1. Identify all residues within segment B:56-87 that are buried (at least 16 other Cβ atoms within 10 Å of the Cβ) and either assigned to a loop (DSSP other than H, G, I, E, B) or within 16 Å of DNA strand C (Cβ to nearest atom) (or both); write none if there are none.
2. Restricting to segment A:44-55, name every residue that is more than 14 Å from every other protein chain (Cβ to nearest Cβ) and either under 18 Å from A:Leu116 (Cβ atoms) or more than 10 Å from DNA strand C (Cβ to nearest atom) (or both).
3. For the condition more than 16 Å from DNA strand D (Cβ to nearest atom), charged (D, E, K, R) and surrounded by 16 or more Cβ atoms within 10 Å (Cβ to Cβ), what is the one hit in B:Glu125, B:Glu97?
4. State yes or no: is B:Glu38 assigned to a helix (DSSP H, G or I) and either within 16 Å of DNA strand C (Cβ to nearest atom) or closer than 20 Å to B:Glu125 by Cβ (or both)?
5. I'd like the full set of residues that are at pLDDT 95 or above and among the basic types (Lys, Arg), limited to segment A:109-162.
6. Search segment B:155-175 for residues being within 7 Å of chain A (Cβ to nearest Cβ) and touching a residue at least 24 places away in the same chain (Cβ under 8 Å), and hand back the single one that is nearest to A:Ile131 (Cα to Cα).
7. For segment A:134-153, check the following and say yes or no: at least one residue is closer than 19 Å to A:Pro112 by Cβ and more than 8 Å from chain B (Cβ to nearest Cβ).
8. Go through segment B:176-206 and count every residue that is in a loop (DSSP other than H, G, I, E, B), touching a Lys or Arg at 6+ places or on another chain (Cβ under 7 Å) and within 9 Å of another protein chain (Cβ to nearest Cβ).
There are 2 protein chains.
Amino acid sequence: MQAMKTVAPTKTLGRPRKFDKDLALDAALQVFMQKGYEATSLTDITEALGINRPSVYAAFGNKEELFAQALAKYNQGPIAYLNDVLSERTSRDVVKEMLMKSVELLTCAEQPRACLAIQSSISSELAAAGIQQNIVAGLHQIEMNIKNRFDQAIAEGDLPKDTDSWLLTKYVTTIHKGLSIQASNGTSAEELYGIVEITLKSWPGK
Amino acid sequence: MQAMKTVAPTKTLGRPRKFDKDLALDAALQVFMQKGYEATSLTDITEALGINRPSVYAAFGNKEELFAQALAKYNQGPIAYLNDVLSERTSRDVVKEMLMKSVELLTCAEQPRACLAIQSSISSELAAAGIQQNIVAGLHQIEMNIKNRFDQAIAEGDLPKDTDSWLLTKYVTTIHKGLSIQASNGTSAEELYGIVEITLKSWPGK
DNA sequence: GTATTTATGTACTACTAAGTACAATATATT
DNA sequence: AATATATTGTACTTAGTAGTACATAAATAC
């Protein structure tokens, strides 16, 4: 059972793995983002990772599980900012940081101009698999966190007392998701930042 | 050459088609919206349409062309409102109608809660095919139309003189696209209407 | 050194996809 | 009635997919 052995067992039995599991996951993530879930074949994966078919199955289970693991990494990496921003001083700063970081991520040259989570949440390819429900649930959780932060802002007098914190949250996340689509469709960084500015101009809080 | 004969030749040669091409396109549209482009097999199509495989190819070319034709029909049908709303009296009414009609369409029970055009514009499945460029170009055209309408509003004194009509357009279409994702993810009609209301509350024009 | 364990590489299976060949059928034209 | 034309239905081809069997290689444990 060895419950304590989860951290770095110095020596592992058997032939050592030829590749780095974490780097492979990152590479797989890139492929999935560029081509989408269904359109990505396992051959695409093995070529991108430079390893053989059975190694993928041995390391990650199957295609669906591989995707789920890549997505999990995405949530903890690229889009971790969605939780970080909650600690900003005012509701306005929360929203500003959230949208600015989002634009930054969407327009940085190395990555495809898309958000894997948002894209996957509407991809009908994933509807059959159980993955999509997790994604949607994750996005919902993010909304709940923002809503709580806005409630705090109301309590602090940052936002008006009669603010509907949930609807305001939905409004912000609607723009957030919209930005992701606009970026995919080729809207420039300048334009995206301009959209954020317009959003902030009419922000009800400080 | 018979250039004038494009309209309803009363008698057609050969064995008559067993099905209605227009109705078949509508049915295909439904399937594509529910399952996505790649995930929809030709067998799905033939079953939904109640016709045989070669009939599909004879009538529509191939899968890609079938999709393109279904999409064209979608543009002229369900989302024609995007052009209609331009004739509203004020910029505010234009935006209000646009977003309200959008929510209406996204939440009507008969249709899947998604916009085929928006979904297809980011679907990496279609990136290879030439279709996606058309879709993105179509969405861009819609934005140009709105921008022109806002310019008119500025000239009429409806919107402030210093308004950046293009960025304001991008802001509105960002929300429009965001609504489509939110609807897909299960946001209720009430919530969606609430988001529209918040957007209108801070509208710079009358 | 020998046994055990795990990963690798090659080659495969089973399946499903898009697209098609071809004979049969139903209409219009003559 | 005979012919030309276009659609239909059955059955097929070709190609690409996810997933796997199995012998081999590389490490640790004893």
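The values are calculated or read from the model by the stated rules, or taken from the named source; none is laboratory data. Note that the coordinates shown come from a computational prediction; the quantities given were computed from them, not determined experimentally. In this analysis, Cβ positions are derived from the backbone assuming ideal geometry, glycine residues included, and neighbour counts consider all displayed protein chains.
1. Listed by number, the residues that qualify are B:Val56, B:Ala59, B:Phe60, B:Lys63, B:Leu66, B:Phe67, B:Ala68, B:Gln69, B:Ala70, B:Leu71, B:Pro78, B:Ile79.
2. Restricting attention to segment A:44-55, the residues satisfying the condition of being more than 14 Å from every other protein chain (Cβ to nearest Cβ) are A:45-55.
A:Ile45, A:Glu47, A:Ala48, A:Leu49 - these are the residues of segment A:44-55 that are more than 14 Å from every other protein chain (Cβ to nearest Cβ) and either under 18 Å from A:Leu116 (Cβ atoms) or more than 10 Å from DNA strand C (Cβ to nearest atom) (or both).
3. Values: B:Glu125 fails: more than 16 Å from DNA strand D (Cβ to nearest atom).
Result of the check over B:Glu125, B:Glu97: B:Glu97.
4. Values: assigned to a helix (DSSP H, G or I): no; either within 16 Å of DNA strand C (Cβ to nearest atom) or closer than 20 Å to B:Glu125 by Cβ (or both): yes.
Here the answer is no, as B:Glu38 does not meet what is asked.
5. A:Lys147, A:Arg149, A:Lys161
6. Within segment B:155-175, the match that is nearest to A:Ile131 (Cα to Cα) is B:Ile175.
7. yes
8. Within segment B:176-206, the first condition is being in a loop (DSSP other than H, G, I, E, B), and the residues that meet it are B:185-188, B:202-206.
After this cut, where a residue has to be touching a Lys or Arg at 6+ places or on another chain (Cβ under 7 Å) as well, the list is B:187, B:203, B:205-206.
Now narrow it down to the ones that are within 9 Å of another protein chain (Cβ to nearest Cβ): B:187, B:203.
Count: 2.
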